[in-house]
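Notes for the one structure printed next.
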Amino acid sequence: MHDSAPAIRLEAWTQADLNLLRGANTPEMTAHLGGPETEARLLDRHHRYLQLKEPGAGQMLAVVLPDGRRAGIIGYWERPWQHGLVYESGWHVLPDFQRRGIATAAARAIAALARAQHRHVHLHAFPAADHPASNAVCREAGFTLLGEADIEYPPGNIMRCNDWRLGL
């Protein structure tokens with residue numbers, strides 16, 4: 001746990017943020033997500049992120065440090081879960097910025113944005129069950145572990161995940 005949260009801000013996803021996606025599309029960054037995506041899939045993802053601009057439906061954002069460096073990616077979006085719709089969140093913090101509390105600060109910030117929509121009761125995160133860093137982010141950001149779940153990601157691949165939930 002970090003004594004004080006690092007200063008970050010979340011900024012709207014832009015065309016230039018394709019470089020963030022490329023930086024997060026490495027074998028080490030995608031080891032718990034089924035491996036790197038092809039360039040075509042990465043470009044498709046980038047296009048979807050550019051289109052996700054209606055805050056009620058969700059947003060993808062860049063995690064930006066006070067000096068302007070873009071340290072990562074975070075977002076929230078709607079997904080069907082169990083008996084209705086919830087918000088889901090996911091993030092990547094680039095290797096040069098990891099282990100500084102940036103992901104936890106971003107997770108708290110994205111929860112505040114989702115909460116401000118007054119649309120869903122919960123925000124979920126589904127990190128791989130065997131991914132200690134992402135599970136630690138959930139715990140430190142105030143999510144509650146509900147148990148394990150099988151999530152299809154990427155399409156055609158079933159991942160064993162932890163279901164973390166935060167009340168909005």
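Only Lys, Arg, Asp and Glu carry charge here, each on its Cβ (+1 for the first two, -1 for the last two); on that basis the chain has a dipole of about 380 debye about its Cα centre. Per-peptide packing, taken as the mean over residues of other Cβ atoms within 10 Å, places 142-154, 86-98 in the sequence 86-98, 142-154 from highest down. For residue 122, the amide hydrogen comes within under 5 Å of the amide hydrogens of 87, 168, counting only partners 5 or more places away or on other chains and with H modelled in the peptide plane. Coupling constants for the stretch 158-168 follow from the phi torsions by the Karplus curve (6.51 cos²θ - 1.76 cosθ + 1.60, θ = phi - 60°), and in residue order they are 8, 9, 8, 10, 8, 9, 9, 10, 10, x, 9 Hz; glycine and proline get x. With the charge dipole of the chain set up from +1 on Lys and Arg Cβ and -1 on Asp and Glu Cβ about the Cα centre, the Cα lying farthest toward the positive end among the listed residues 49, 143, 105 is that of 105.
Each reported figure results from applying straightforward, stated rules to the coordinates on display, with no laboratory input. Worth saying up front: this structure is predicted, and the values here are computed from it rather than measured. Backbone-built Cβ (ideal geometry, glycine too); neighbour counts: all protein chains shown.
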